[in-house]
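These notes concern the structure reproduced below.
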C-alpha cells in the first residue's frame, strides 16, 4: 500500500469542490432572487463544466437564474452540472486509491439509456416541489412549504418502481421539517442538503431511477468485514467480500446488504437480532466461513441481491488470509454515473506494519512515515472491535474513505498479538450470535426492550 500517495495533491480537485461549494452557498439564500454577490457561485459552476456536453445548458441556466428568471429546466441543468463535478471528484479519488492499492481499475459503467416516461405526473409533482425549495432556499423554508412533499410521497410509496425516489423525498422532507423555520437556523448542513436536493431532482427525470442490470453468478464468497449503518428507526449491515467465480473469471469485490426497521431503543449488539433472520451470510461472517453461491443475482455495481436459497456455508476462511492473498487482485465494479460521489467511496484495503498514534486529534496510523487517520466514529458498538483494540493492533482490514478533504480508514477487523499469538478482532464478530459476555448482555437487553414494545403494541391494538 503506497500510503505516501494518500496525502499528495490531486490536480483540479480543490477547484472542482470550490465550484460546488459556491453553488451550494447560493442554495442557502435561494434561487428566486439571488443576491448580487451570489451570481459568482452560479457562474463558477457553469464555468467548471465548460467544454463538456453540459456547457451550454449550464451557462444558460446560470445566466437566467442569476437574473431571477430560472425555471425548472434551468434548475435541473444546475443540479446536473453539480452532480457531474462531484462525479469527477469521485473518479479522481478512486483513481488515486487504485494507485495506492495497486489493484486493477474498475471498468467504465455503461451510460443509462433514455427510458420511457413513467408516472410522469408524480415525477413532475416531485420536481415542482424541489424547485420551490430551491427558490425559497434553506433559509426560507417553512412548514407549509415542506409539507408539500407529503402527498407526493404518499402517492409514490405504494409503487415499487417509485420507492427509491419516494424514500429520498420522505427523508429529506423530514430533515427540513425538523429545521423549520429556516430563518432561525444557526447552522445549515449546506453540502448535505444540496446533495439530497440535486440527487432527488435528477431522479425525477425519465429513466434516471431505472434499476441496474442484474446477472447471476456462482462461486465462492470470502467475507472481509461488516459495515453497520444505524439510524434511529432503521439499521443496515453491509458485508464487503471478495468473490471468486466458479468459471475461472476475474476475482472481484462485491457487497451484500441487509436492512431492517427498528425501534430507537434497540441499539448495540441487539441490532443483529433484527438482521440475522434476513441473511444467512451474517452467520458465516461471525463464524469465519466462506459461502458457496449458486446463481446469486448481482448488479453491475457489485451488489449481491441476496437470496438465502442460493447460498450455503462453505469452508473456514480467515479474513486476514483473504486480505493478503485474494484482495490484491480483486477488481472493483463500475459505479453508475448518478452514484459517483466522494461520500460513496468505501474501498477495502489491508494495512500492515504501522505504528498507532493517539493525540487530541484522534487515532491515526503511521505507515512508512505517512499519517492515515482512523475513523473510530464508524466503528459500531454492535461488536467487540473498539478504539482501544484498534490502538493495540498491528494489521487492519478496513474501508478507505474520503471526507473533509482527506482519506480516512474505517476498521472492519484488526489483528493484534496476545500472548505471542496473532488474534483477529472483527466488527461483525457478533453478527451470527456470540458467547462473549458483553455481547450476551447487550442482546438480552435488546430482547427485553423488544418484548416490552410488543406488549405495548398489543395493548394498543386491543384498545
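Values quoted throughout were computed directly from the atomic coordinates according to the rules given, and no laboratory measurement underlies them. Everything quoted here is computed from the prediction, not taken from an experiment. A quick note on method: Cβ atoms are made from the backbone with ideal geometry, for glycine too, and the neighbour counts reach across all protein chains shown.
Structure notes:
- Using C-alpha pairs under 8 Å with a sequence gap of at least 6, the mean separation divided by the residue count of segment 3-203 gives a relative contact order of 25 percent.
- Sequence-separation-based contact order of segment 337-426, relative, with Cα cut under 8 Å and 6+ spacing, percent: 28
- Look at 118, 354 and count the other Cβ atoms within 10 Å of each Cβ; fewest to most, that gives 118, 354.
- Helix 13-29 and the longest principal axis of the Cα set of the chain meet at an angle near 60°.
- Using alpha-carbon coordinates, inclination of helix 190-203 to the longest axis of the chain, degrees: 80
- Peptide packing for 27-39, 237-249, 75-87 was compared via the average number of neighbouring C-beta atoms within 10 Å per residue; ordered from the highest value, the list is 75-87, 237-249, 27-39.
- Among 131, 180, the ranking by other beta carbons within 10 Å of each residue's beta carbon, starting with the fewest, stands as 180, 131.
- Taking the chain and dividing mean pair separation by its residue count, relative contact order in percent (alpha carbons under 8 Å, at least six apart): 15
- Residues 444, 421 arranged by fewest to most Cβ contacts within 10 Å: 421, 444
- Measuring between their Cα centroids, segment 333-370 and segment 123-151 lie 37 Å from each other.
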